[in-house]
1. What are the residue pairs meeting all of these: first residue in region 27-50, first residue closer than 11 Å to residue 131 by Cα and modelled with pLDDT of 95 or more, second residue basic (Lys, Arg) and surrounded by 17 or more Cβ atoms within 10 Å (Cβ to Cβ), Cβ atoms under 7 Å, and 6 or more apart or on different chains?
2. With respect to residue 132, determine if the residue is aliphatic (A, V, I, L, M), in contact with a helix residue (DSSP H, G or I) (Cβ under 6 Å, 6 or more places away or on another chain) and within 26 Å of residue 11 (Cα to Cα).
3. Which of (1) within 24 Å of residue 38 (Cβ to Cβ); (2) in a loop (DSSP other than H, G, I, E, B) is the odd one out, the single condition residue 143 does not satisfy?
4. Taking residue 130, is it modelled with pLDDT under 95 and either over 15 Å from residue 22 (Cα atoms) or not hydrophobic (A, V, I, L, M, F, W, C) (or both)?
Amino acid sequence: MTTNHVCTIYIKASPETVWNALTDGEFTSRYFHSTRIESSWEKGATVTYYNQDDTIAIDGQILESNKPHLLSFTWHVHYNSVAEKEKPSRVVFELEAVEDATRLTLTHDDFVQASVVLPEISKGWIAILSNLKTLLETGDVMAVS
């Protein structure tokens with residue numbers, strides 16, 4: 001069984017613009033299942049995705065933060081009672097300028113064996129990143145997020 005998930009997408013925007021879209025709660029609420037992200041983005045700080053009712057969907061700890069090139073944090077699910085019992089996994093966003101675009105590579109790894117989170121994110125991340133791309137390039141979102 002695969003123990004990690006990798007997505008790469010090209011977005012016609014600068015790395016700074018993509019970074020801001022990944023780290024601004026008002027922006028994430030538009031493309032990321034209506035969740036609002038919050039953090040100081042300093043190594044060791046808490047990162048939290050809040051649902052619309054202010055309950056915690058996901059939280060973790062910043063492992064690396066090198067604006068606008070690399071962001072990594074742990075990922076602890078709270079929206080699923082079974083997944084909530086798993087130890088946190090890890091998310092890494094790598095942003096690289098490529099001509100007039102940014103190559104965004106997401107790696108989500110460090111899953112427990114027989115993880116219930118891995119199959120969920122394997123379907124979810126590509127929809128979320130596609131919605132991010134659509135929003136940045138057109139100013140609108142898709143119904144899929």
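The values are calculated or read from the model by the stated rules, or taken from the named source; none is laboratory data. Everything numeric here is computed off the predicted structure, so don't read it as measured data. Counting neighbours? That spans all protein chains shown, and the Cβs are built from the backbone with ideal geometry, glycine included.
1. Hits for this filter: 28/36.
2. The answer is yes for residue 132.
3. Residue 143 satisfies every listed condition except (1).
4. Criteria not met by residue 130.
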